[in-house]
Amino acid sequence: MRYALIGCGRISPNHIEAAKNNKLDIVAICDIVTDNMEDKAIKHNLPGSVRQYTDYKEMLAIERPELVAVCTESGKHAAIALDCIDSGCNVIIEKPIALSLKDADEIIKKANEKGVKVCANHQNRFNKSIQKIREARDKRRFGKLMYGTAHIRWNRGWEYYSRAKWRGTWEQDGGALMNQCIHNIDLLRWMMGWEVDEVFAYTDKLNHDYIEAEDLGIAVIKFKNGAYGIIEGTTDVYPRNLEETLYMFGTKGTVKAGGSSVNLIEEWRFADELDDPEVIKKQFGENPPNVYGFGHTPLYADVIDAINNDRQPYVTAEDGRRALEMVLAIYKSAAEGKPVKLPLEDCSTLDFKGRFDGKI
């Protein structure tokens, strides 16, 4: 399967290695900065036959890839993905799928019209820990789900933001919730129930005077199935990343996924006592080298299988929209100072431009 990568920045190594691990035919990489491409080609031993482009439209026209990964700055995801879909490509879109619901809806609509597969790159769903927890949920071992919590306690400083000026801007990124926390926000909504009644939230910028958007977000979620959710996300933790955790509490089960990127099972308690908690913790824990984990390779395998067997990917474009909608609902509630009902018809990060101007 002919594969191409658009965007050779921070996350691109995970995509390149996932493509190699799945034996895709990497025909091209693309970036407006030539040095980025050359660096990745050398570090990942890409053969000389892999062509390099600074214009992705030219690359699409010449190379005709069957699968493309879009890994540019967030604000360009939607436009590039739509061009890929128009050219007949299947697409993996790095999170977030877009920065507006209008753009996300257009991606879903065009993909259906063109008959191509679109996957939102929420790779943590493929963590061994998360897969085991999902299995327990699907088997109803939790009993009635009462509430769940997602905590993302990370650190991002000047060095991170200065390397890419788009980071932390409303036009091209959003803040901590949209960039760093959206994976765990996706997991919480996926696990607790897709249908959300309302969201109430606070967001703030406490420690980053050089970005536009928030570095802290706290939200309470009311799901339509009667469960509740709590989200706490920040990039203010001193002096480095602390943890990313997901808790689920049911009438017959309690689970905690923890570690740097919900890669460990730290609590496993079920009334049915079908398994040994210590064995589960050992068998379904991973120790990834960074917060990106090991999920890209199985995500790619799933997308390839979805293309070959004409089915939807495990993580769909609709899933990407739901995660985006949750973050935008938090932004909207915090900005308006009141609960926000879902579904949202349209909302964009640009709606909040200027919100924290002069805050620090």
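Any residue at all in the stretch 259-278 that's touching a strand residue (DSSP E or B) at 6+ places or on another chain (Cβ under 7 Å), hydroxyl-bearing (Ser, Thr, Tyr) and part of a strand (DSSP E or B)?
Scanning the stretch 259-278, I find no residue that is touching a strand residue (DSSP E or B) at 6+ places or on another chain (Cβ under 7 Å), hydroxyl-bearing (Ser, Thr, Tyr) and part of a strand (DSSP E or B), so the answer is no.
Hey, could you check the stretch 191-242 for residues that are among the basic types (Lys, Arg) and assigned to a loop (DSSP other than H, G, I, E, B) and say which is nearest to MET326 (Cα to Cα)?
LYS224
For the stretch 112-129, indicate whether the set of residues that are touching a strand residue (DSSP E or B) at 6+ places or on another chain (Cβ under 7 Å) and over 18 Å from CYS71 (Cα atoms) is non-empty.
Yes, the stretch 112-129 contains at least one residue that is touching a strand residue (DSSP E or B) at 6+ places or on another chain (Cβ under 7 Å) and over 18 Å from CYS71 (Cα atoms).
Go through the stretch 23-43 and report how many residues are part of a loop (DSSP other than H, G, I, E, B) and buried (at least 17 other Cβ atoms within 10 Å of the Cβ).
Residues that pass the stated criteria total 2.
Any idea which of GLY88, GLY48 is of a type outside the set (D, E, K, R), on the phi > 0 side of the Ramachandran plot and without any contact (Cβ under 8 Å) to a residue 60 or more places away in the chain?
GLY88
Which one of PRO298, PRO277, PRO339 is in contact with an Asp or Glu (Cβ under 6 Å, 6 or more places away or on another chain) and at pLDDT 95 or above?
Just one listed residue meets the conditions, PRO339.
Kindly evaluate LYS102 against the criterion of being without any contact (Cβ under 8 Å) to a residue 12 or more places away in the chain and either within 21 Å of the chain's Cα centre (by Cα) or not in a helix (DSSP H, G or I) (or both).
Considered against the rule, which asks whether it is without any contact (Cβ under 8 Å) to a residue 12 or more places away in the chain and either within 21 Å of the chain's Cα centre (by Cα) or not in a helix (DSSP H, G or I) (or both), LYS102 comes out as no.
Given the residues VAL279, VAL327, VAL291, which is the only one that is closer than 30 Å to GLU345 by Cβ and not acidic (Asp, Glu)?
The conditions single out VAL327.
So, LEU60, is that one in contact with a Ser or Thr (Cβ under 9 Å, 6 or more places away or on another chain), more than 22 Å from ALA176 (Cβ to Cβ) and of a type outside the set (Val, Ile, Thr) or not?
Criteria met by LEU60.
Determine, yes or no, whether VAL50 is touching a strand residue (DSSP E or B) at 6+ places or on another chain (Cβ under 6 Å) and modelled with pLDDT of 95 or more.
Against the criterion (touching a strand residue (DSSP E or B) at 6+ places or on another chain (Cβ under 6 Å) and modelled with pLDDT of 95 or more), VAL50 qualifies.
Only helices (runs of 4 or more DSSP H) wholly contained in the stretch 125-180 count here; list those with 2 or more residues that are loosely packed, with under 15 Cβ neighbours inside 10 Å.
Of the helices (runs of 4 or more DSSP H) lying wholly inside the stretch 125-180, those with at least 2 residues that are loosely packed, with under 15 Cβ neighbours inside 10 Å span 128-138, 158-162.
Report yes if LEU299 is under 30 Å from GLY143 (Cα atoms), touching a residue at least 40 places away in the same chain (Cβ under 8 Å) and exposed (fewer than 11 other Cβ atoms within 10 Å of the Cβ), otherwise no.
The answer is no for LEU299.
The values are calculated or read from the model by the stated rules, or taken from the named source; none is laboratory data. What you are looking at is a predicted structure, and each value in this text was computed from that prediction instead of being measured. Backbone-built Cβ (ideal geometry, glycine too); neighbour counts: all protein chains shown.
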